[in-house]
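Notes follow once the structure below has been shown.
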Amino acid sequence: MKLYDLIKDKLKDPQGVISDNEMCVLNRRDFLYSETSTSSAFLKMFGAERVTYEMYSIIDFVHASVCKIRPPNQVRVFQLSQSMTLPSLAVSALVGDQASKIQIHAPRGIQAVDVKDPFAKMLVERFESQLNSNLTMADIGSCDANTIDILFCNASNEAEVSSGLKSFEKVKRGFILIKGYGRNKAPNCGEIILSARLNVHCTLAGFGFSSAI
Amino acid sequence: MKLAAQADEALKNNLLDKALEISEVITRYNRSAGLAYKGVVALRKEEFDQAEELLLESFQLNAKQHLALANLIPTYIKKRDFKKAVAFGEQAYAAMPKNQSVCINFAAALLQEQSYSKALEILEPHLDLEKPNVSVISGLISCYRSLFMKTEADEMLAVAEKHFGDKHEIIRLKADTLAERSPVAALESFKAALEKDPNNIATRWNMSLVQLRLGEFEEGWVNYDNGLLPEVGKIGRPLPKLFEGAKCVTDMNTIDPNKWTYAVCEQGIGDQVLFLGVLRQFLTDYPKTVLIAEKRFRPILQRSFPEVPVHPYGSGPFLSANSEVVNGYVPIGSFQKKYRSSKEDFIKNRQVYLNPDQAKLAKFREILLKKTGADRIVGFSWKGGYWERAQKTKTLDIELWDPIFKDQNTIFVSLQYGEVSKEKEYLASKYKNIRWIDGLDFKKDLDGWFALICACDEIISVSTALVHFAGAAGRSVHLLLSDRGAPFIWGLEGDSSIAYTDIKIHRKQVSQTNEEFFEGVAQKALTKVSAA
């Protein structure tokens, strides 16, 4: 149930509502649920339109981050959690052939993706081919200036976030994105963040990120 | 003041480099004025982005900088941003109501935004019949034509022809004026206009609609693609900005069938249905197709074309990012020139291609027939069109429909979308056999509306999206056309549609009264219903 449905009778005509079952924001423009939203189109293609607003927002953030990538830049994705398969797939689909190369490393594997149509199937097959990349976690940061490293992890696993942040210290160009970072009781890995002189910005949608630009 | 006079003189003589030099000097003493002159130079050089930047800064520095304000209107017209052109036009007109150049530009922007009455009000004081200005006179003709002021349009056209008869602009206006009442003569004028300016995109676009109306499909569809170009603007075939950066394919022969192609639905929802009549042929040739359509249309399309992925407009960026595996996008109107280049192509390919939700359809029939005890359901719709001019052409006021509703053996169901409260009240006071489906938003719940259309035994309607949906579903439709013109697909003569299997066309003749016309329709349409 949407949180908004619980409180709408008490509100006087809010101008814009963004709500799912864990958040409700009033008087804001929504760019993600609309039919011109690329995030929404992407999630629909994989039968995932019922994911949380946070995931919509993550896909949109990924799109905003990669939309200017052009050759000779290449992209390497390090997907530390299975639950971050959709964001990795979004990098693959939205960067497409605009990068010289895309490589993906998912040490814990990926989740099964619900392929709704043959076009989506083609995107997934290409994503899977990019997974067979011989990339390892040790490769993070060891690259030339044209390489962009993207790390995806989930705050539900503290070790994963610690490992991700530690690895991100070495990244010269790219970003780390932590799903569920703003959730109550999620690890904030404060010591690692402070000692590496990082700042992880926590979005209202719930994910955290830090960029190397 | 002296420098400004020099700059004005240089601009008058089109000495742009000199004007720029002087404006540099002016900038040192009066930044706002200097920027305004630089903006005008940029505008004359057709550097529209720079002109916008300079003129906006000038205007921000000094809100009374009339030169900047006046030139922001043509700048935004050139940038095809008519809303902003109108916004600055309003300010400029308030500040300089007698300035002819401001008035002409403001009126041009208003015409693009379909505000004909306002444009007329602004232009009329500038008409000088002895020494007419070509822009004033052509603007006035456009206004009169759009406001259906036929006599005034003809009189003004005569003045225009007398003074500027050899100008492309005037020949085209003559063609536009003739387009609906005499398409053959209009086509001749369009061709004459193109002899003066063979590459004029807007003329080719306007001509395409006349060619299609005349059944000259082969050349008509080729010229129809001019509507995709920015010169025509939003009265043409504007496509979602989300597809910018990807390749627009209009020549079907350049499509690689081994790559994916996005077929993008465009124009109004009725046009989309018409264009989708060729989709099955397109899919045979190019099976790797993704259809891009509005969310509300999706359930109907998925049911009717189960083999095709249907994605929302938000999918646009996947195209530009994946050029190695995707051909690009084809606006569905551009399919037509490959598959519908003659009247015979239409006729031999007429088929049912949209399927309603059968469960919803059955439910509507049950409710409507059981509750009323009637034998038949007839759906009706009396107004259509998106643009003001199209609305005036298509709509047949509900007060004229009395002969239809007199049939007491039939239940009539309103299929009219949009605001209908006045008509509802009017009909409720006169008839007991008319039903309104409350709780079903015809614009949003397209699938529900389509099922309701298909639940009807007959449809009687003016030209609107309803007719295309019913036609594509193979339903029996009586299409009512006014004597003020009609969309090209209904042609100029004949009593059946070339595009759909069971559409009977009733054309009101100028010599007929409205009563005679509706009596005739009632007799033909409802007699058949009773006999069926």
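So the values come out like this:
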| read-out | value |
| --- | --- |
| Unmet requirement for B:Pro97, which otherwise passes all of (1) more than 30 Å from B:His66 (Cα to Cα); (2) open to solvent by 50 Å² or more (accessible area, probe 1.4 Å) | (1) |
| Those residues of the range A:176-202 which are touching a Gly at 6+ places or on another chain (Cβ under 7 Å) and closer than 23 Å to A:Val75 by Cβ, in sequence order | A:Ile176, A:Ile178, A:Tyr181, A:Val200, A:His201 |
| Per-region count, the range B:184-201, residues open to solvent by less than 20 Å² (accessible area, probe 1.4 Å) and closer than 26 Å to B:Glu344 by Cα | 3 |
| Residue tally, condition open to solvent by 20 Å² or more (accessible area, probe 1.4 Å) and either within 11 Å of chain A (Cβ to nearest Cβ) or in a loop (DSSP other than H, G, I, E, B) (or both), over the range B:247-269 | 9 |
| Residues satisfying the stated conditions in the range B:221-231, i.e. buried (at least 19 other Cβ atoms within 10 Å of the Cβ) and either hydroxyl-bearing (Ser, Thr, Tyr) or free of Cβ contacts under 8 Å to residues at least 60 places away in the same chain (or both) | B:Asn223, B:Tyr224, B:Asn226 |
| Matching residues in the range A:143-161 - criterion: being more than 18 Å from the chain's Cα centre (by Cα) and either surrounded by 20 or more Cβ atoms within 10 Å (Cβ to Cβ) or without any contact (Cβ under 8 Å) to a residue 24 or more places away in the chain (or both) | A:Asp144, A:Thr147, A:Ala159 |
| Any hit, the range B:92-104, residues being on the phi > 0 side of the Ramachandran plot, of a type outside the set (Ser, Thr, Tyr) and assigned to a loop (DSSP other than H, G, I, E, B) | no |
| Leading residue by the ranking (nearest to A:Ala106 (Cα to Cα)) among those in the range A:30-46 that are within 12 Å of another protein chain (Cβ to nearest Cβ) and open to solvent by 20 Å² or more (accessible area, probe 1.4 Å) | A:Lys44 |
| Any chance B:Phe318 is free of Cβ contacts under 8 Å to residues at least 60 places away in the same chain and either closer than 25 Å to B:Trp260 by Cα or aliphatic (A, V, I, L, M) (or both) | yes |
| Restricting the range B:160-169 to residues that are part of a helix (DSSP H, G or I) and more than 18 Å from B:Ser146 (Cα to Cα), the residue that is most open to solvent (accessible area, probe 1.4 Å) | B:Lys162 |
| Any hit, the range B:339-353, residues being of a type outside the set (A, V, I, L, M) and within 14 Å of chain A (Cβ to nearest Cβ) | no |
| Qualifying positions in the range B:488-532 - open to solvent by less than 40 Å² (accessible area, probe 1.4 Å) and in a loop (DSSP other than H, G, I, E, B) | B:Gly491, B:Ser497, B:Ile498, B:Ala499, B:Tyr500, B:Lys508 |
| Residues within the range A:162-173 that are free of Cβ contacts under 8 Å to residues at least 40 places away in the same chain and under 14 Å from the mean Cα position of the chain (by Cα), tallied | 0 |
| A:Ala64 vs. criteria within 15 Å of A:Ile148 (Cα to Cα), within 14 Å of another protein chain (Cβ to nearest Cβ) and either small (Gly, Ala, Ser) or open to solvent by 40 Å² or more (accessible area, probe 1.4 Å) (or both) | yes |
| Selected residue [closer than 24 Å to B:Arg484 by Cα, of a type outside the set (S, T, N, Q), open to solvent by 40 Å² or more (accessible area, probe 1.4 Å) and modelled with pLDDT under 90] from B:Arg172, B:Arg204, B:Arg181 | B:Arg181 |
| Selection from the range B:397-422 of residues that are under 17 Å from B:Ile459 (Cβ atoms) and charged (D, E, K, R) | B:Asp407 |
| B:Lys234 vs. criteria open to solvent by 40 Å² or more (accessible area, probe 1.4 Å), within 14 Å of chain A (Cβ to nearest Cβ) and either farther than 23 Å from B:Ala108 by Cα or touching a residue at least 40 places away in the same chain (Cβ under 8 Å) (or both) | no |
| Tally, over the range B:270-290, of residues that are within 12 Å of chain A (Cβ to nearest Cβ) and either touching a His at 6+ places or on another chain (Cβ under 7 Å) or aromatic (Phe, Trp, Tyr) (or both) | 1 |
| Tally, over the range B:319-338, of residues that are facing chain A (nearest Cβ under 7 Å) and within 12 Å of B:Lys247 (Cα to Cα) | 4 |
| Elements of type strands (runs of 3 or more DSSP E) contained in the range A:89-191, each with 1 or more residues being modelled with pLDDT of 95 or more and within 14 Å of another protein chain (Cβ to nearest Cβ) | A:101-105 |
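Okay, residues lined up against (1) surrounded by fewer than 15 Cβ atoms within 10 Å (Cβ to Cβ); (2) under 25 Å from B:Leu110 (Cα atoms); (3) not small (Gly, Ala, Ser):
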| residue | (1), (2), (3) |
| --- | --- |
| B:Leu16 | no, no, yes |
| B:Ser23 | no, no, no |
| B:Thr27 | no, no, yes |
| B:Glu52 | no, yes, yes |
| B:Leu56 | no, yes, yes |
| B:Asn71 | no, yes, yes |
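The values are calculated or read from the model by the stated rules, or taken from the named source; none is laboratory data. Since the model is a prediction, treat every value here as computed from it, not as a measurement. Reconstructed Cβ throughout: ideal geometry from the backbone, glycine too, with neighbour counts over all protein chains shown. These area figures cover heavy atoms from the full protein model, side chains too; ligands, DNA and RNA do not enter into them. Shrake-Rupley method; radii C 1.70, N 1.55, O 1.52, S 1.80 Å.
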